[in-house]
Structures are given as C-alpha cells and as structure tokens.
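> Mind having a look at this structure? Questions to follow.
Taken together, the values in this text are just the output of simple stated rules run on the coordinates, not laboratory data. Everything numeric in this text was worked out from a predicted model, so none of it was measured. Every residue, glycine among them, receives a Cβ derived from its backbone with ideal geometry; neighbour counts consider all protein chains shown.
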C-alpha cells in the first residue's frame, strides 16, 4: 500500500521495503506497494516535513533503489548536496559516461522513484536552466529556492 503524505508542496506518495524508501513521488503509482517498511515511511514523513521547513539538509532515511532505472546515475547524486546543483553532462561524466549521454541522465532523473531524497531537482541544464521535473518546474524551483535561501543564512 502506498502512503499519501500531504505537504506544503502538495501530496507526496511514499512506499518502502524492509531495506528503505522505494517511492517518493508526486503521483500515485500504477500498482500499490505492500506495506513493509513502516518505520522507514514514518522517518521519511518526518524528514520530508523537516526538509520543507528548512530544518533538515541531509536525509537519513535509507533508500532502496533495487530495480531503479540507471541506478548508478541516481547513486551519483549522493554528492550533490544541499544548496548545490550539477548539470546533466557533469553527472554523466561523474558516473563514467560520456557527456553526450546527458539525455540518458535526464531519463534517469525522470524515472527517479525517490524524488527529493534522491535529489534529482538539483540537476539543471548546461546553461543553468531548469528542465523537466516530475513534480513540475514550479516545484523544482521551490525546492532549489528553499535550499538557496537557507544557504544564504550561514
């Protein structure tokens, strides 16, 4: 079963396995997930709220990317920390792909099953432009603005 979590950026849909969070999405999944990782879901909800309040910069909820499309690309986002961005080309290079595979990186971002926690919103075009985001460009801008505004306080 997928859990619906209402947030200040709208509804988020969550699911978890025994190993970690498997879904954090903006739309309900086509197939419901079994309730397995209740502790992971509870932690994810608390951390998402704290993140959106500007009180959390790094998630501790475990993530289970088993079966994720282009998992190594998604794992390459680990070093793209709060308040920073990277480009599709730079991320491609970081994970050992040629810069010309930036579209492949974009595809992996589009299919990221664990948005926000696996921070695909921090990936921008080569010219710094915002490009597609499952939650919409307004949500991507809001997340980047949240991180940028908080970064200026320190």
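> So if I take the centroid of the Cα atoms in segment 1-34 and the same for segment 77-138, what is the distance between those two points in Å?
Centre-to-centre (Cα) distance: 21 Å.
> Would you mind ranking 60, 17 by Cβ crowding within 10 Å, fewest neighbours first?
The order, fewest Cβ neighbours first, is 60, 17.
> Another one. Contour minus end-to-end for residue 131 and residue 31, with contour as 0.36 nm per residue of separation and end-to-end as the Cα-Cα distance?
Going from the current span to full extension adds 33.3 nm.
> Arranged by the count of other C-beta atoms within 10 angstrom, fewest first, what order do 26, 59 take?
With the sparsest Cβ surroundings first, the list reads 26, 59.
> Compute the distance in nm between two label points, each set 7 Å from the Cα along the Cα-to-Cβ direction, one at residue 138 and one at residue 60.
3.5
> Using Cα-Cα distances under 8 Å and only pairs 6 or more residues apart, what relative contact order does segment 1-136 have, in percent?
Result for segment 1-136 is 22 percent.
> If you don't mind, there's one more thing I want to ask. Please compute the volume of the convex hull spanned by the alpha-carbon atoms of segment 3-52 and report it per residue in Å³.
62
> Compute from the Cα atoms of segment 63-112 the Rg and the Dmax, the latter being the longest Cα-Cα distance, and quote both in angstrom.
Rg then Dmax for segment 63-112, in Å: 10.3, 28.
> Step by step: find N for segment 71-151, compute 2.2 N^0.38 Å, then divide the Cα radius of gyration by it. What's the final number?
Compactness ratio reported: 0.99.
> Working from the alpha-carbon coordinates of segment 1-106, get Rg over Rh, Rh being the Kirkwood radius.
Over the Cα atoms of segment 1-106, Rg/Rh equals 0.99.
> Given contacts defined as C-alpha pairs under 8 Å and at least six residues apart, what's the relative contact order of segment 3-52, whole-number percent?
Averaging sequence separation for qualifying contacts and normalising by length gives 32 percent for segment 3-52.
> Continuing with this model, one more query. Please give, to one decimal in nm, the separation of the simple spin-label points placed at residue 75 and residue 99, each 7 Å out from Cα toward the Cβ.
2.6
> Further question on the same structure: In which sequence would 147, 138 go, from the one with the fewest C-beta neighbours within 10 Å to the one with the most?
So the ranking, lowest neighbour count to highest, is 138, 147.
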